Structure formats: C-alpha cells, structure tokens
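Enquirer: Just passing along the structure, written as structure tokens.
The values are calculated or read from the model by the stated rules, or taken from the named source; none is laboratory data. Not measured: the values here are computed from a predicted model. Reconstructed Cβ throughout: ideal geometry from the backbone, glycine too, with neighbour counts over all protein chains shown.
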Amino acid sequence: MTTHIHDTAEVENFAIVGDDVQIWNWVQIRCGANIGVGTSIGKSAFVDKDVLIGRNCKIQNNASIYQGSIVEGGVFIDPHVAVLNDKLPRAIAPDGSLKNSGDWNLRGG
C-alpha cells in the first residue's frame, strides 16, 4: 500500500504524512500536524496545526482534532467527534468581553 491523498484534500506545507496513509476527500490537515504510518482520515475531517496522530489510527468522516491534541496509535475516532483543546471552552471572558486567541490555554485532548 502507498500513501493516497485525494485531489480535494488540503495538506499544508510542513505537515508530516507517514507511509501508507489514506487521506480522503475534503480533508484539511494544517501545518505541523504529524500523521502516523497506516492511518486513514475520512471525508471532511479537520486536523489542526501541531496535532500528533499515531500509527494505524482511523479518523472517521467529519471528525475535528484541534491544536495541541495527541492521538495515540491504534485509536478509532467516530464520525463527527471533536477533540477539543480547551477544558473549559467559553466565547467570552468573565467581564463579558469576547475572548481572543491569547485568552486560551491549550491543553491536548
């Protein structure tokens, strides 16, 4: 088997894709992501920057894995699952103002 990246998939520069990886249609993989050997990523999945995915994983359709997450080898992620990077996600700060990117403390899922 060899690595397959569908024509509609977007794999950014500096993403690392291992051997025998299958990346299906409309997948987006951000820079710095590392996809382990033998992994399959289903239609419309999103892998954020600096995410680590181990060997022989199966990421189903429409799953989203956000920055700072680490997926160990052999893990199956169901369709539409979101692996978050914020243990207490909120759109606003305690004073009611909108949060910006500097307000988040990333914690891997």
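Enquirer: Just for region 17-27: of the residues that are of a type outside the set (D, E, K, R) and surrounded by 15 or more Cβ atoms within 10 Å (Cβ to Cβ), which one is farthest from Val75 (Cα to Cα)?
Expert: In this case the residue turns out to be Trp26.
Enquirer: OK, next. Filter region 51-69 down to the residues that are surrounded by fewer than 20 Cβ atoms within 10 Å (Cβ to Cβ) and under 9 Å from the mean Cα position of the chain (by Cα), then identify the one that is farthest from Lys87 (Cα to Cα). Spell out how you get there, then give the answer.
Expert: Initial filter on region 51-69 (surrounded by fewer than 20 Cβ atoms within 10 Å (Cβ to Cβ)): 52, 54-56, 58, 60-62, 64, 67.
With the extra rule that they be under 9 Å from the mean Cα position of the chain (by Cα), the set shrinks to 52, 64, 67.
Values: Leu52: 18, Ser64: 16, Gln67: 13 Å.
Per the stated criteria, the residue is Leu52.
Enquirer: Follow-up question, since we're still on this one. Only one residue in Gly68, Gly38, Gly96 is modelled with pLDDT of 95 or more and assigned to a loop (DSSP other than H, G, I, E, B), so which one is that? I'd like the intermediate steps shown before the answer.
Expert: Working: Gly68 fails: modelled with pLDDT of 95 or more; Gly96 fails: modelled with pLDDT of 95 or more.
Among Gly68, Gly38, Gly96, only Gly38 is modelled with pLDDT of 95 or more and assigned to a loop (DSSP other than H, G, I, E, B).
Enquirer: Please verify whether region 28-42 includes one or more residues that are small (Gly, Ala, Ser), under 25 Å from Thr2 (Cβ atoms), within 14 Å of the chain's Cα centre (by Cα) and surrounded by fewer than 19 Cβ atoms within 10 Å (Cβ to Cβ).
Expert: Yes - at least one qualifying residue is present in region 28-42.
Enquirer: Could you please find all residues in region 28-71 being of a type in the set (S, T, N, Q) and at negative phi?
Expert: Answer for region 28-71, where residues must be of a type in the set (S, T, N, Q) and at negative phi: Gln28, Asn34, Thr39, Ser40, Gln60, Asn61, Ser64, Gln67, Ser69.
Enquirer: Does Asn85 satisfy the criteria of being touching a Lys or Arg at 6+ places or on another chain (Cβ under 9 Å) and at positive phi? It would help to see each step written out before you state the result.
Expert: On the way: touching a Lys or Arg at 6+ places or on another chain (Cβ under 9 Å): yes; at positive phi: no.
In short, no.
Enquirer: Consider Arg90 carefully, then state whether it is in contact (Cβ under 8 Å) with a residue 24 or more places away in the chain, assigned to a loop (DSSP other than H, G, I, E, B) and among the basic types (Lys, Arg).
Expert: no
Enquirer: Using beta carbons and a limit of 6 Å, which pairs, at least six apart or on different chains, have the first residue in region 17-40 and under 13 Å from Asn56 (Cα atoms) and the second one of a type in the set (Asp, Glu)?
Expert: Partner pairs satisfying both residue conditions: Val37/Asp19; Val37/Asp20; Gly38/Asp20.
Enquirer: Okay, next question. Going by the conditions given, is Asp50 part of a loop (DSSP other than H, G, I, E, B), out of contact with any strand residue (DSSP E or B) (no Cβ under 9 Å at 6 or more places or on another chain) and either in contact (Cβ under 8 Å) with a residue 40 or more places away in the chain or among the acidic types (Asp, Glu) (or both)?
Expert: Details: part of a loop (DSSP other than H, G, I, E, B): yes; out of contact with any strand residue (DSSP E or B) (no Cβ under 9 Å at 6 or more places or on another chain): no; either in contact (Cβ under 8 Å) with a residue 40 or more places away in the chain or among the acidic types (Asp, Glu) (or both): yes.
Judged against the criteria, Asp50 is not a match.
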